[in-house]
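The values are calculated or read from the model by the stated rules, or taken from the named source; none is laboratory data. Since we're looking at a predicted model, the values are computed, not measured. Counting neighbours? That spans all protein chains shown, and the Cβs are built from the backbone with ideal geometry, glycine included. Quick note on the areas: whole protein, heavy atoms, side chains included, nothing else; ligands and nucleic acids left out. Shrake-Rupley method; radii C 1.70, N 1.55, O 1.52, S 1.80 Å.
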Amino acid sequence: MNSEKKLARKKKINQQIAFGIFTAISYAIVALLFVILAFIVIKGIGVISWEFISAMPSNGMTEGGIFPAIVGTLCLVFASMIFAFPVGVLAAIYMNEYVKDGWAKKIIKQMTNNLAGVPSIVFGLFGMSLFVNKLGFGDSILAGGLTLGLLVLPVVIRTTEESLKAVDSTFRQASLGLGASKWQTTSKVVLPIAFPNIITGLILSIGRVSGETAPILFTVAAYFLPKLPSSIFDQAMALPYHLYVIATSGTNIEKSRAMAYGTALILIIIVLISNLLANALRKYYGKKVKMN
């Protein structure tokens with residue numbers, strides 16, 4: 001009896017230690033995030049003004065604002081999501097709902113996983129070769145958006161696939177039993193239920209696209225372009241590349257150091273707002289699913 005009590009006490013102590021370690025790691029991650037955010041806010045808040053947000057860069061990017069870079073970043077995010085989100089969702093629907101388990105499905109999944117592990121600079125070189133040179137798009141928002149779309153396509157596919165798997169099979173069986181076709185079941189029953197979780201892939205994709213530098217370096221980013229793009233075939237400035245330039249190779253690095261921190265802060269704010277909007281969209285569709 002005593003040995004059983006000792007064993008139970010030992011298990012309880014081990015469990016408390018494990019939970020304590022996990023809790024400490026979680027709080028450490030949160031603390032690190034707040035330290036990084038605090039550092040950027042403290043360094044960049046003094047630069048933020050309406051002129052900084054709305055004006056064109058001037059004097060070798062040591063003065064003026066970052067408005068063209070903000071617009072360029074938003075255009076690239078929008079263009080990449082228009083391509084990656086529908087293609088990724090449809091690819092995941094095909095793999096999860098239509099392809100039977102077997103070697104073909106395993107190969108597709110393996111290739112998707114491998115694609116997710118390819119360095120972003122390789123996507124940039126591929127985008128330059130295909131979209132910029134081969135297809136003749138040139139350095140443009142279209143070429144950059146497609147390249148970034150390919151970059152985040154595996155994320156959209158995997159998150160959508162996991163969301164579809166989470167839908168109980170009884171919903172499919174009930175729909176098919178009532179005479180609905182496979183596509184009607186998928187589009188009218190399965191997809192609406194899974195859609196709130198599918199938005200997670202959109203959130204992750206927006207966050208990654210907003211901060212990528214290597215892919216846009218070869219496909220769209222301009223070093224200094226104090227004007228707004230007028231079409232998808234125009235070159236554009238972007239916040240990640242603008243930040244890289246003024247922090248490492250600008251005309252006067254020390255003078256533009258404050259602008260670099262301000263640019264980083266604006267980029268974080270844009271990503272935060274995008275994530276909040278996507279989360280609001282997820283909650284909206286989640287409530288609709290619950291109501292139905």
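May I ask you to list the residues in the stretch 236-255 that are crowded, with 19+ Cβ neighbours inside 10 Å and assigned to a loop (DSSP other than H, G, I, E, B)? If the condition is that a residue be crowded, with 19+ Cβ neighbours inside 10 Å and assigned to a loop (DSSP other than H, G, I, E, B), then M237, A238, G250 are the ones that fit. The residues listed here are V99, V89; of these, the one that is among the β-branched types (V, I, T), farther than 30 Å from L228 by Cβ and buried (at least 18 other Cβ atoms within 10 Å of the Cβ) is V89.
Which ones in the stretch 152-163 are more than 14 Å from A84 (Cα to Cα) and surrounded by 21 or more Cβ atoms within 10 Å (Cβ to Cβ)?
E161, S163
For V167, are the conditions met, namely being in a loop (DSSP other than H, G, I, E, B) and open to solvent by less than 50 Å² (accessible area, probe 1.4 Å)? So V167 passes the test.
One residue stands out in the stretch 199-214 among those that are in contact with a Leu (Cβ under 8 Å, 6 or more places away or on another chain) and open to solvent by less than 10 Å² (accessible area, probe 1.4 Å): the one that is nearest to S129 (Cα to Cα), namely V209. Count of the stretch 41-76 residues, restricted to those that are touching a helix residue (DSSP H, G or I) at 6+ places or on another chain (Cβ under 7 Å), among the aromatic types (F, W, Y) and over 12 Å from I266 (Cβ atoms), is 0. Against the conditions (1) part of a helix (DSSP H, G or I); (2) open to solvent by 50 Å² or more (accessible area, probe 1.4 Å); (3) of a type in the set (S, T, N, Q), T263 satisfies every one except (2). Number of residues in the stretch 175-194 that are open to solvent by 10 Å² or more (accessible area, probe 1.4 Å) and touching a residue at least 12 places away in the same chain (Cβ under 8 Å) equals 7. If you filter the stretch 215-228 down to residues that are modelled with pLDDT under 85 and closer than 19 Å to G124 by Cβ, you find that the one that is most open to solvent (accessible area, probe 1.4 Å) is Y223. The lone criterion from (1) at pLDDT below 75; (2) under 21 Å from V209 (Cα atoms); (3) not hydrophobic (A, V, I, L, M, F, W, C) left unmet by Q235 is number (1). Among the residues of the stretch 1-35, the one identified as of a type outside the set (A, V, I, L, M, F, W, C), open to solvent by 90 Å² or more (accessible area, probe 1.4 Å) and closer than 30 Å to L265 by Cβ is Y27. I'd like the full set of residues that are among the aromatic types (F, W, Y) and open to solvent by 90 Å² or more (accessible area, probe 1.4 Å), limited to the stretch 36-60. F39, W50, listed by residue number. Among the residues of the stretch 107-151, those that are open to solvent by less than 40 Å² (accessible area, probe 1.4 Å) and either assigned to a loop (DSSP other than H, G, I, E, B) or without any contact (Cβ under 8 Å) to a residue 60 or more places away in the chain (or both) comprise T112, G138, S140. Scanning the stretch 111-129 for residues that are within 12 Å of T219 (Cβ to Cβ) and either within 16 Å of the chain's Cα centre (by Cα) or not hydrophobic (A, V, I, L, M, F, W, C) (or both) turns up S120, F123, G124, G127, S129.
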